[in-house]
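**Q** Sharing a structure here in structure tokens format.
No lab work stands behind these numbers, since they all come straight from the coordinates. What you see is a predicted model, and the numbers here were worked out from it, not measured in a lab. Quick reminder, even Gly has a Cβ in these numbers, built from the backbone with ideal geometry, and neighbours come from all protein chains shown.
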Amino acid sequence: MRRAGRTSVTTAPDPGLAELTPDQRLRRLELTVTRRLDGLLHGQYRGLLPGPGSEPAGSREYRPGEDEVRRMDWAVTARTAVPHVRQVDADRELTTWLLVDSSASMEFGTAELDKRELAVTAVAAVGFLTAGVGNRLGAQVLSADGMRRFPARRGRTHLLGLLRALLAAPRASAPSHRPGRPSTPPAPELADGLDALQRVANQRGLVVVVSDFLDGLPDDPAEPPPWERTLRRLSARHQVLAIEVTDPRELELPDVGLITLVDPETGRRREVCTSDRRLRERYAAAAAAQRDQVRAALRRSGATHLGLRTDRDVSADIVRHVHAQRRMATAPAGAARGGAA
């Protein structure tokens, strides 16, 4: 049951959505994401993560446990005899790199969207929230056919081209186990995508990873997944946002009698009777432990975590995340400590 999140009930996404052409789905994304976020978020320079810039903007008193010592303003500290740190304005030009997981496990969905559609919606939100004069957006897309790179470029046309390519990409099919057939080359893993991203993300910026983060999870929860080390290295240089995409059926099984479970990565099938209450409880416990394992790995890597689900309002979840990040960035030291307590 350790791989409960990888194994999924065979279902089809919303047929009305699946029948739309890529351009129609792109227009729907603009309506549900762009206009919605535009009405809920305000400010000339909106972003997913608050963070340091490079333009000097004065000094303020040092907050123990919150400020980095390397930003100490020693001249002001010596003059006032009170520790101060340098303040900086956010960089006006931002390079954002996306790693989008389009592997077979992202084809699963039992709500209004499947996980892949939700990932594209998240990409659209990231593109909108990081849009600005001089800002650039690039992407690495992982799929069963390999890894595709979109160079970092500016402008709405580039963003729409990336979204159109993600929506029009062919769906992954589960591998078969027929004897005598030549084995297909293994699909690139999440760790491979992060390694490739580290090579192209040379300047400090924002790195956004959109995935279910189930790739290579070890059976031992104390053992780190293979992608954690590279994600930690990226976090040391960039602001990293990990968008975890999940579906409710990955977290618990419904009581619907006999069903067929299919592992989308290997094609293995297994019939399960969901009327067994103890089996459903074991499944839910294993799935919860698996998600705890993912969250712990993301926390150790230093990435900011944003969880999105196919059965929730994506725009509302993103807006709540942005507002929470803003409050953390602007809260006074005493209020921040009081809120943490």
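**Q** Could you quote the convex hull projected area for segment 192-275, Cα atoms only and averaged over all directions, in nm²?
**A** If I average the Cα hull's projected area over directions, I get 7.1 nm².
**Q** Let me ask you something else. Between Arg327 and Asp23, how many nm apart are label points set 7 Å from Cα along the C-beta direction?
**A** 4.4 nm
**Q** Hey, rough spin-label estimate for Thr157 and Arg278, points 7 angstrom out along Cα→Cβ, what's it come to in nanometres?
**A** Between Thr157 and Arg278, the label points sit 6.5 nm apart.
**Q** Applying 1/(1 + (r/R0)^6) with R0 = 35 Å to the Cβ-Cβ distance of Glu252 and Met72, what FRET efficiency is obtained, to the nearest 0.05?
**A** That gives a FRET efficiency of 0.10.
**Q** Right, another one. Cα gyration tensor of segment 230-317, axes a ≥ b ≥ c as square roots of the eigenvalues: rounded (a/c below 1.5), prolate (a/b > b/c) or oblate?
**A** prolate
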